[in-house]
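Trainee: First the structure, then my questions, so here it is.
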Amino acid sequence: MAPRSSLLICAGLTSLVWLIFGQTLQHQFVAYDDQNYVYQNPVVTGGFTPSGVHAAFTQPQARNWHPLTTLSHMLDAQLYGLNPAGHHLTNLLLHNGAAVLLFFTLRLMTGATWRSAFVAAVFAVHPLRVESVAWVAERKDVLSAFFFMVTLAMYARYAARPAVSRYLGVTIAFALGLMAKPMLVTLPLILLALDYWPLQRFERREPQAQTKRPIPIVILEKVPLLLLSFAVGVATLIAQKSTVGYGEQTPLLSRLGNASIACVTYIKQMFWPVDLAVFYPQPPNGWPSATVLSSIGLLTLISVLVAQFRKARPYLIVGWSWYLVCLLPTLGLIPVGLQAHADRYTYLPQIGLYTALTWLAGDLASRFSQARRLWMVIGPVAILALSCLAWAQTSSWRNTETLWRRAIAVSPNNDVANYNLALLALDRDRIDEAVQHLQSALTGRNDKETASHLSPALLRNVLGIALARKGRHADAIAEYRKAIELRDYFADAYTNLATALWAKGDRSEAIEHFRKAKDIPPEDARSHLRLAMALERAGQTSEAITEYRRALDLDPRNARTHYLLATALEAAGKSEEARLEAARAIELDSSQVEFKALQDQLNKK
């Protein structure tokens, strides 16, 4: 194909991407993981520094090990600060790059220009892409996809003419992709499928020896890549150890059932991408058996059919295998999260389906002239329709409130959406609205802690906070007690209950609950500080001093704790120690008038 035509196709892909996703440059960060990955992450907000680079490789960020993604966020912070437009721009550019690379790679492998262009266009504009592109926290999707495409392109060149240098390029690109997002662990298996079609390496004759390439060699080539996948998989499981499972572990059969339904749901959404949202809750009582069995039956039927046509139409089994294998790490077989499924999980897997169906349509069009004319109409109309839907879906990511209101519109009983809207309402002092959302999140739910739903203890604790701010202290105390009944190790609920009881005048019970909060791991300086303040006000100054000192052991640079310890020491008659603590408080924060006043008072003695 002429270079000019290729440039026109790339320009068309780029135009579509910018028309749909260019609006994100006006969007804000969303308070749903963006704070953990970017604007409240000190490793990132400090910019591109040697210590930050070291932390990116040695410490999990937001419970994940993806150092390349962290480095990209750090570079954005260095370039743009915390201006969301710059961070959105990087996502947009990476998605644009991935779409263009997909076109060139498919064309390189197959020699089919327009089919490759159509697959790349559907990938670029499908509404299911919105979550990965419009969500800054999903940088890992677009960054890993970029290196996924680079790996495929390099592998196509290696397959055309094997050489150590070319294989090394494949390995490096794959390693970079894994360091962007571990979901790429299945890529070696996808490469093996591509060896079958379109690369036809199982049947290919070597230029100098007219014999078939031995299948074991094609498989052995993947061993170094599989070892990389294994290493990154282990690192990811270690990083996510604290978040695998929530409450009681979901039974394996339930997870398998949800996985089968997710696979079918993604196929449905591919053809009918409406009612999309950032979070899809699982049914309160699990999926009906009939739904699970029908999903398994459909997946089995498709698998049998593509296997039957593997020789006549090999792209069907390759595309189907790509879809299932690429989805495998995200199907919840190892539970990490509460969602039933997620749009972002389709980012790379659905390319397999797009490819299989596009090649099937192209083959049918080449046999029937009427089908060819129909294809020439349906193709552009489909791209236009998908673009309009994607543009509308992208607009729901304008800010945190529009994001969760969209989720509520799609599923009104969405407990995660209601919880996040409640937090937003509390932050904006819309207390009645917060109470309403929290009550909606609890409606129709029993109080059992499960791995598939938001913790009712968490919901009741936040409901208690909202009720306390409304002045309904008795109701707030009741909610805190329910939260503790449901989760005995809930430090925040103990603290909130103690605070409410103290305000009510039940000082003895309040101190008891402050003590319980302090003893719940992980040890927290704030828990010791709250207990110390309560003890001091109750006249137990000696024990209060001990708790202040322990709080400072855990957080030695807290100026206010040094100040409070100084006041307690003064009350205990230990003026010299009090002067030292007051001086330390001023050294850490010289802007506080009360710190200086205390120091002056102590120096006069």
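Trainee: Going by the conditions given, is residue 164 open to solvent by less than 30 Å² (accessible area, probe 1.4 Å) and β-branched (Val, Ile, Thr)?
Mentor: no
Trainee: Given the criteria among the aromatic types (Phe, Trp, Tyr), closer than 30 Å to residue 380 by Cα and modelled with pLDDT under 95, does residue 114 qualify? Talk me through it step by step, then tell me what you get.
Mentor: On the way: among the aromatic types (Phe, Trp, Tyr): yes; closer than 30 Å to residue 380 by Cα: yes; modelled with pLDDT under 95: yes.
So residue 114 fits the description; yes.
Trainee: Got a sec? Which helices (runs of 4 or more DSSP H) wholly within segment 1-90 have at least 1 residues that are open to solvent by 70 Å² or more (accessible area, probe 1.4 Å) and within 23 Å of residue 183 (Cβ to Cβ)? Full working, then the answer.
Mentor: Values: elements: 3-21, 42-45, 50-58, 67-80.
Here the list reads 50-58, 67-80.
Trainee: Would you confirm, using the coordinates I've provided, whether residue 453 is within 29 Å of the chain's Cα centre (by Cα) and in a loop (DSSP other than H, G, I, E, B)?
Mentor: Spelling it out, residue 453 is indeed within 29 Å of the chain's Cα centre (by Cα) and in a loop (DSSP other than H, G, I, E, B).
Trainee: Among all residue pairs at least 6 apart or on different chains, which show Cβ distances below 6 Å where the first residue, located in segment 392-406, is at pLDDT below 95 and the second is open to solvent by less than 20 Å² (accessible area, probe 1.4 Å)?
Mentor: Going by the 6 Å Cβ cut-off, there are no qualifying pairs.
Trainee: All but one of (1) surrounded by fewer than 17 Cβ atoms within 10 Å (Cβ to Cβ); (2) over 30 Å from residue 88 (Cα atoms) hold for residue 459, so report the exception by its number.
Mentor: Answer for residue 459: the failing condition is (1).
Trainee: Tell me which residues, restricted to segment 269-315, are crowded, with 18+ Cβ neighbours inside 10 Å, aliphatic (A, V, I, L, M) and within 24 Å of the chain's Cα centre (by Cα).
Mentor: 270, 276, 277, 278
Trainee: Turning to a different aspect of this structure: Name the residues in segment 395-429 that are β-branched (Val, Ile, Thr) and in contact with a Phe, Trp or Tyr (Cβ under 6 Å, 6 or more places away or on another chain), would you?
Mentor: Once the filter is applied, which keeps residues that are β-branched (Val, Ile, Thr) and in contact with a Phe, Trp or Tyr (Cβ under 6 Å, 6 or more places away or on another chain), segment 395-429 yields only 416.
Trainee: Which fully enclosed helices (runs of 4 or more DSSP H) of segment 142-259 have 1 or more residues being closer than 22 Å to residue 321 by Cβ, at pLDDT 90 or above and under 23 Å from the mean Cα position of the chain (by Cα)?
Mentor: On the way: elements: 164-180, 187-196, 215-220, 223-239.
Because the criterion is at least 1 residues that are closer than 22 Å to residue 321 by Cβ, at pLDDT 90 or above and under 23 Å from the mean Cα position of the chain (by Cα), the helices (runs of 4 or more DSSP H) in segment 142-259 that meet it are 164-180, 187-196, 223-239.
Trainee: Consider residue 155 against the criteria (1) open to solvent by less than 10 Å² (accessible area, probe 1.4 Å); (2) touching a Lys or Arg at 6+ places or on another chain (Cβ under 7 Å); (3) not small (Gly, Ala, Ser): it satisfies all of them except one. Which criterion is unmet?
Mentor: (2) is the only condition that residue 155 fails.
Trainee: Enumerate the pairs (first residue in segment 70-96 and among the polar types (S, T, N, Q); second residue anywhere and open to solvent by 50 Å² or more (accessible area, probe 1.4 Å)) with beta-carbon separation below 7 Å, excluding pairs fewer than 6 apart on the same chain, so at least 6 apart or on different chains.
Mentor: Pairs found: 78/48.
Trainee: Going by the conditions given, is residue 491 surrounded by fewer than 23 Cβ atoms within 10 Å (Cβ to Cβ), of a type in the set (A, V, I, L, M) and within 27 Å of the chain's Cα centre (by Cα)?
Mentor: For residue 491, the condition - surrounded by fewer than 23 Cβ atoms within 10 Å (Cβ to Cβ), of a type in the set (A, V, I, L, M) and within 27 Å of the chain's Cα centre (by Cα) - is met.
Trainee: Within segment 109-118, can one find any residue that is within 28 Å of the chain's Cα centre (by Cα) and under 19 Å from residue 13 (Cβ atoms)?
Mentor: no
The values are calculated or read from the model by the stated rules, or taken from the named source; none is laboratory data. Model, not experiment: these values are computed from the prediction. In this analysis, Cβ positions are derived from the backbone assuming ideal geometry, glycine residues included, and neighbour counts consider all displayed protein chains. The protein model used for the area step is the full one, side chains on, heavy atoms only, and it has no ligands, DNA or RNA in it. Shrake-Rupley method; radii C 1.70, N 1.55, O 1.52, S 1.80 Å.
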